[in-house]
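**Student:** Would you mind keeping the following structure in view while I ask a few things?
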Amino acid sequence: MTISTLTTSRLILRPLELADAPTIQEQFAHWEIVRLLASSVPWPYPADGATIFVRDHALPAVSSGVAWHWSLRLKPDGEPLIGIISLMDIPNDNRGFWVELPWQGQGFVTEACEAVTEFWFEK
């Protein structure tokens, strides 16, 4: 299954790919981010945690049609990657997201949530 690239006024939501894992690892492995997520996210975050997440969980779920994952990237050129947003077809666990610390509090998640909610109901 392929996922469409989505856009907002300030973001490009690009389908997650394995090549994103090193950047995700660098940005995500901070207690200030992980502490806000589900208890299933390990802490301390393993050195290969992003690779395992993308390769073994996210991409297979996308292929199975039960989840959709996007990297959040700034316009106009899609750099840098500043976070992730996901939709899941799992009871009581339909959406998840995180944004790198310097980009928090600027409304990027609100924009991304609107785009993926529209995707959910229109696709």
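**Student:** In debye, nearest 20, what is the charge dipole magnitude of the chain about its Cα centre with +1 on Lys and Arg Cβ and -1 on Asp and Glu Cβ, if you could check?
**Tutor:** 80 debye
**Student:** Skip the ligands, DNA and RNA, and give the accessible area per residue of the range 1-40 with a 1.4 Å probe, whole Å².
**Tutor:** Dividing the accessible area of the range 1-40 by its residue count gives 60 Å².
**Student:** If you don't mind, another one. With every protein chain left in place, what is the accessible area of S39 in Å² (1.4 Å probe, nearest 10)?
**Tutor:** 120 Å²
**Student:** Considering only protein heavy atoms, with the full assembly of protein chains and a 1.4 angstrom probe, order W31, W70, W120 by accessible area, largest first.
**Tutor:** W31, W120, W70
**Student:** R95's amide H: which non-local residues (gap 5+, or another chain) put their own amide H closer than 5 Å, with H modeled 1.01 Å from N in plane and none for Pro or chain starts?
**Tutor:** Here M88 satisfy the definition.
**Student:** With an 8 Å Cα cut-off and a minimum separation of 6 or more residues, compute the relative contact order for the chain in percent.
**Tutor:** Relative contact order of the chain: 28 percent.
**Student:** Two decimals, Cα atoms only, Kirkwood Rh: what is Rg/Rh over the range 32-90?
**Tutor:** My calculation puts Rg/Rh at 0.99.
**Student:** A follow-up question, please. Could you check the spin-label model distance between F119 and H57? Points 7 Å from the Cα along Cα→Cβ, value in nm.
**Tutor:** 1.8 nm
**Student:** Put L13, L36, L6 in order of accessible area, largest first, 1.4 Å probe: what do you get?
**Tutor:** In descending accessible area the options line up as L36, L6, L13.
**Student:** Accessible area per residue of the range 44-115 at 1.4 Å probe, in Å²?
**Tutor:** Heavy-atom SASA per residue in the range 44-115 reads 50 Å².
**Student:** For the chain, modelled as a GNM with alpha-carbon contacts under 10 angstrom, which of S40, S86, S64 fluctuates the most?
**Tutor:** S40
**Student:** Taking θ = phi - 60°, what integer Hz values does the Karplus form 6.51 cos²θ - 1.76 cosθ + 1.60 yield along the range 96-108, in sequence order, with x for Gly and Pro?
**Tutor:** x, 6, 8, 10, 3, 3, x, 9, 6, x, 10, x, 5
**Student:** For T7, what residues show an amide H to amide H distance below 5 Å, using hydrogens built from the backbone and excluding near sequence neighbours?
**Tutor:** Residues meeting the amide H criterion: L13.
**Student:** Another question, then. Roll a 1.4 Å probe over the protein heavy atoms and report the accessible area of T2 in Å², nearest 10.
**Tutor:** 130 Å²
**Student:** Taking 25 Å as R0, compute the FRET efficiency from the Cβ-Cβ separation of Q106 and S39 and round it to 0.05.
**Tutor:** Result of the calculation: an efficiency of 0.40.
**Student:** Of all accessible surface on the range 52-123 at a 1.4 Å probe, what whole percent is carbon and sulfur?
**Tutor:** Roughly 54 percent, rounded to a whole number.
The values are calculated or read from the model by the stated rules, or taken from the named source; none is laboratory data. Note that the coordinates shown come from a computational prediction; the quantities given were computed from them, not determined experimentally. When we count neighbours, we look across all protein chains shown, and the Cβ atoms used for this are built from the backbone with ideal geometry, even at glycine. SASA here: full protein model, heavy atoms, side chains in, ligands and nucleic acids out. Shrake-Rupley method; radii C 1.70, N 1.55, O 1.52, S 1.80 Å.
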